[in-house]
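Since the structure comes first, as structure tokens, the remarks are kept for the end.
The values are calculated or read from the model by the stated rules, or taken from the named source; none is laboratory data. Bear in mind that the values here come from a model prediction, so they are computed numbers and not experimental data. Note: ideal-geometry Cβ built from the backbone for every residue, glycine included; neighbour counts use all protein chains shown.
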There are 2 protein chains.
Amino acid sequence: MYNLYTMQRSGNSYKVRLALALLDVPYRAIEIDILQGESRTPEFLAKNPNGQVPLLEVADGRYLAESNAILWYVAIGTPLAPENRLDRADAMQWMFFEQHALEPNIGAAYFWLSLVRGGRELHSYSLEDWMERGYRALQVMENHLATRDYFAAGQLTVADIALFGYTHLAEQCDYDLSGFPAVRAWLGRIEREPRFVAMNQLPPAEAVAATAAAG
Amino acid sequence: MYNLYTMQRSGNSYKVRLALALLDVPYRAIEIDILQGESRTPEFLAKNPNGQVPLLEVADGRYLAESNAILWYVAIGTPLAPENRLDRADAMQWMFFEQHALEPNIGAAYFWLSLVRGGRELHSYSLEDWMERGYRALQVMENHLATRDYFAAGQLTVADIALFGYTHLAEQCDYDLSGFPAVRAWLGRIEREPRFVAMNQLPPAEAVAATAAAG
């Protein structure tokens with residue numbers, strides 16, 4: 001069973017929890033509160049020198065970081081990972097887009113506006129940039145989804161899960177999605193997936209119990 | 001033969017040119033000067049709604065964007081793309097790291113300090129962040145390379161090419177690499193690859209000629 005180092009309120013961690021839920025793959029969740037410095041301890045840095053969650057233990061003492069790389073790793077061989085070379089490249093294209101165009105903007109706004117007390121004042125000089133670039137990314141997504149149900153391969157893939165992570169948090173951090181009907185319809189489509197879990201939903205009870213026992 | 005929309009001075013474009021050179025794959029280069037607005041014309045936006053280079057025409061009228069997705073696409077089935085599931089995940093991990101930790105910082109510093117006249121003054125408020133976060137990314141790379149020749153799979157992969165793109169430009173935009181001996185040794189290792197091409201080297205004559213004919 002996978003050990004997943006995760007923070008409940010992290011959009012990047014949620015992507016992995018959502019994928020594992022949709023795939024019905026069991027895992028143990030180990031909560032790491034980055035706001036309490038738990039990702040900067042010598043013990044955690046030995047696992048991930050970049051000091052970030054999510055982090056997946058893929059084999060005894062072997063760890064994989066970066067939410068989108070983890071998504072590909074757990075999805076290979078499942079319907080979430082397209083097999084066709086060009087479909088796969090399309091999905092990957094959207095996941096790299098997510099990491100440089102969406103996550104650094106909506107993710108930063110979410111972190112400083114929703115998680116850190118006083119963050120709005122601390123980063124007021126950056127907020128305008130995040131909003132402008134976040135809206136630009138949302139517009140690219142809106143145009144793509146205007147004629148499609150999903151981002152790649154004509155089906156739900158890891159690309160949708162990657163993009164869902166922070167897009168579904170946009171309204172919590174000042175973005176107004178009323179001008180993005182195709183994005184909102186796509187968010188709803190994912191939320192109606194049979195094994196969908198919301199971000200604030202805790203991992204399955206057995207996983208939490210196992211964590212407590214392990215901790 | 002691939003059509004590659006590229007900007008000579010773009011680090012993201014260079015990654016793809018470098019991979020194609022190392023793989024000895026012929027291509028036609030179509031130069032798009034983003035500083036002259038050539039990536040924002042209706043004609044180009046019809047090809048890539050995100051308005052960025054590099055862009056690879058993978059089939060008649062079908063385009064693939066995002067440098068790192070393109071790297072995977074052209075490298076599948078070659079020694080640059082590891083076959084093993086975990087090696088591949090490791091390579092992907094470093095490529096997502098590149099897009100959120102390295103490229104937004106060294107890439108931004110390069111763009112505004114080296115390419116845009118007056119950029120240093122225009123973005124003086126961001127420069128300190130770019131330097132700090134860029135150095136943090138370089139330190140993660142330095143620690144990893146201290147005991148390894150390459151980033152993933154114990155061999156040269158697309159992850160190295162992705163990271164080379166902006167790391168080799170760091171010294172042109174205020175970063176001092178003297179404290180990063182493992183990174184410098186790795187840069188040299190890549191530069192000594194048999195079919196290596198430098199960033200300012202033009203695409204092969206036949207490609208340029210073909211472009212001129214096509215244009």
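Say whether the condition of being at pLDDT below 95, part of a loop (DSSP other than H, G, I, E, B) and either among the charged types (D, E, K, R) or over 29 Å from residue A:62 (Cα atoms) (or both) is met by at least one residue in the stretch B:204-211. Checking the stretch B:204-211: at least one residue is at pLDDT below 95, part of a loop (DSSP other than H, G, I, E, B) and either among the charged types (D, E, K, R) or over 29 Å from residue A:62 (Cα atoms) (or both). For the stretch B:7-122, list the helices (runs of 4 or more DSSP H) that sit wholly inside it and hold at least 1 residues that are in contact (Cβ under 8 Å) with a residue 60 or more places away in the chain; which are they? Passing ranges, in order: B:11-22, B:67-75, B:85-97. Checked against (1) more than 30 Å from residue B:126 (Cβ to Cβ); (2) facing another protein chain (nearest Cβ under 9 Å), residue A:149 passes all but a single condition, namely (2). When the residues of the stretch B:88-114 are filtered to those that are surrounded by fewer than 22 Cβ atoms within 10 Å (Cβ to Cβ) and of a type in the set (A, V, I, L, M, F, W, C), the one that is nearest to the other protein chains (Cβ to nearest Cβ) is B:108. Of all positions in the stretch B:69-85, at least one carries a residue that is under 22 Å from residue A:54 (Cβ atoms), at the interface with another protein chain (Cβ under 10 Å from one of its Cβ atoms) and surrounded by 15 or more Cβ atoms within 10 Å (Cβ to Cβ). Please work out which residue is farthest from residue A:116 (Cα to Cα), limiting yourself to the stretch A:32-54 and to residues that are in contact with an Asp or Glu (Cβ under 9 Å, 6 or more places away or on another chain) and within 12 Å of chain B (Cβ to nearest Cβ). Here the residue is A:50. The conditions of being of a type in the set (Lys, Arg) and either surrounded by 24 or more Cβ atoms within 10 Å (Cβ to Cβ) or touching a helix residue (DSSP H, G or I) at 6+ places or on another chain (Cβ under 9 Å) (or both) are not met by residue B:117. Every test in (1) over 20 Å from residue A:102 (Cα atoms); (2) touching a Gly at 6+ places or on another chain (Cβ under 9 Å); (3) of a type outside the set (Gly, Ala, Ser) is passed by residue B:17 save one, and that test is (2). The residue list A:24, A:33, A:60 contains one member that is closer than 21 Å to residue B:153 by Cβ, outside the structural domain of residue A:152 (by TED's automatic domain parsing), surrounded by fewer than 19 Cβ atoms within 10 Å (Cβ to Cβ) and not polar (S, T, N, Q), which is A:60.
Being more than 29 Å from residue A:84 (Cβ to Cβ) and at pLDDT 95 or above holds for only one residue in A:107, A:134, A:215, and it is A:134. Could you tell me whether residue B:38 is crowded, with 17+ Cβ neighbours inside 10 Å, among the acidic types (Asp, Glu) and not assigned by TED's automatic domain parsing to the domain that holds residue B:110? Here the answer is yes, as residue B:38 does meet what is asked. The condition of being in the same structural domain as residue A:46 (by TED's automatic domain parsing), closer than 30 Å to residue A:35 by Cβ and out of contact with any Ser or Thr (no Cβ under 9 Å at 6 or more places or on another chain) does not hold for residue A:136.
Selection of the stretch A:155-193 for residues being within 27 Å of residue A:77 (Cβ to Cβ), outside any helix (DSSP H, G or I) and touching a residue at least 24 places away in the same chain (Cβ under 8 Å) yields A:155, A:156, A:157, A:168, A:193. Residue A:46 meets all of the listed conditions (1) within 17 Å of residue B:140 (Cβ to Cβ); (2) modelled with pLDDT of 95 or more but one, namely (2).
Scanning the stretch A:164-179 for residues that are among the acidic types (Asp, Glu) and surrounded by fewer than 15 Cβ atoms within 10 Å (Cβ to Cβ), we see that the one that is modelled with the lowest pLDDT is A:171. Only one of the listed residues (A:103, A:98, A:128, A:121) is over 20 Å from residue A:177 (Cβ atoms) and acidic (Asp, Glu). That residue is A:121.
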